[in-house]
Amino acid sequence: MPLALLAAVLPGPPVCAQAAPVVPRTVTIDERLAAAAALAVGDRVLLAPEAGGPGDTVTIAAITRRGADPSEVARSEYRVRLHLDHLQRLAGTGDRVGRFAVASAPGVAPESVAAAIDAAAFGFRAYPAAAVAIETSATFRVVNRFHRAIGIITIVASAIFLLCITLLKVDERRRDVGALRLLGLSRATVVRAVVLEAALVSLVGSAMGAGLGWAASALVNWHYQGVYATPLRFAIVTPGIVAFAVTLSLGLGLVSGWVAAQRLVRRAPLELVGR
C-alpha cells in the first residue's frame, strides 16, 4: 500500500557515482508538486528525507490528482507516493508506520472491525473511516453552522423587505383599485389579482436568483480550485437548493401579496380615490 512522504525534490542530472540500482525506483507525485517544480512523467529527481541530504534517484512514473477531501484543502503539503519497502529504506524506520488503512469485507460493520483490532494489541487505536472524516471536518461543520445562521438572518430580513416593498407598490395603485371597486369589482377579485401578481414576481425573481447563484458558484469554484489545486467544489447549486429557494420565495410572495391586498380592500372605495 503506497504511503505519502514529504520530501525535498532537487532537479538535476542523474547521480551516477552513487551506489544506486541500475533501474531507478519509480514514484508518483501529486499535481501540485508537478506544477510547482515543473516536473513531468519520466523525469528523474533526487528524493531525500531531508533537504540537501543524501537520497535516492527515482523516476516519476505517474502524476496523481488530489481527491475532493475537505480536510486537505488548506494543506500546502506536497505528496510523494513510494513502495513500502522503498519508504522504509529511505526513511530508516524499519517496520514502523504512522497509520495505515484496512478495508473490511463486504457486509462487515467497520465498528466491529475496529473493536477487534483494538482488542488485538496495545499501542494503537483503530477508527472507522466515517469517524475520521467527522473528526477532520470539525472546522467545516462550524463554518456550515455559521453559514446557516447567516442564511436564516438573511431570509428573515428579506421577508420583511419584501413585505414593505409589496405594501408600498400596492398602496401606489390605491386610486386605480378604488376606481375599479366603484365600478363593481369585488374584494375577492382584487385580492386574487394582487396575490397572483406577487406570485409571478416571486417566480421571476427565483429564476433570476438561481441563475445568479449558479454563475457565482461557478466563479467561486473556478477561483479556489485553481488556488488549492483540488477538484473539491466549494459552492454548489443543487436541484434541492433550487426547489427550496423557489418554494420559499413563492410562499413569501403569496403571504406578502395577501397581506398587502387585505390592507387595500379593507378601505372604502371613496377613501382609496381620495374622497
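So the values come out like this:
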| read-out | value |
| --- | --- |
| Whether the range 201-275 is rounded, prolate or oblate, judged on the alpha carbon gyration tensor where a/c under 1.5 counts as rounded | prolate |
| Fewest-first sequence of R65, R192 by Cβ atoms within 10 Å of each Cβ | R65, R192 |
| Projected label distance in nm at V242 and W258, using a 7 Å step from Cα toward the beta-carbon | 2.8 nm |
| Cut-off 13 Å between beta-carbons: net charge of the residues surrounding V58, Lys and Arg +1, Asp and Glu -1 | +2 |
| Residue order, fewest to most surrounding Cβ atoms within 10 angstrom, among E111, E197 | E111, E197 |
| Charge context of G226, other residues only, Cβ under 14 angstrom, K/R +1, D/E -1 | +3 |
| Three-way shape call for the range 118-275 based on the alpha-carbon gyration tensor, with the a/c threshold at 1.5 | prolate |
| The range 166-272 - percent relative contact order, Cα under 8 Å, separation 6 or more | 52 percent |
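Only the coordinates and a few stated rules stand behind these numbers; no lab work does. Worth saying up front: this structure is predicted, and the values here are computed from it rather than measured. Here Cβ is always computed from backbone atoms with ideal geometry, including for glycine, and neighbour counts include all displayed protein chains.
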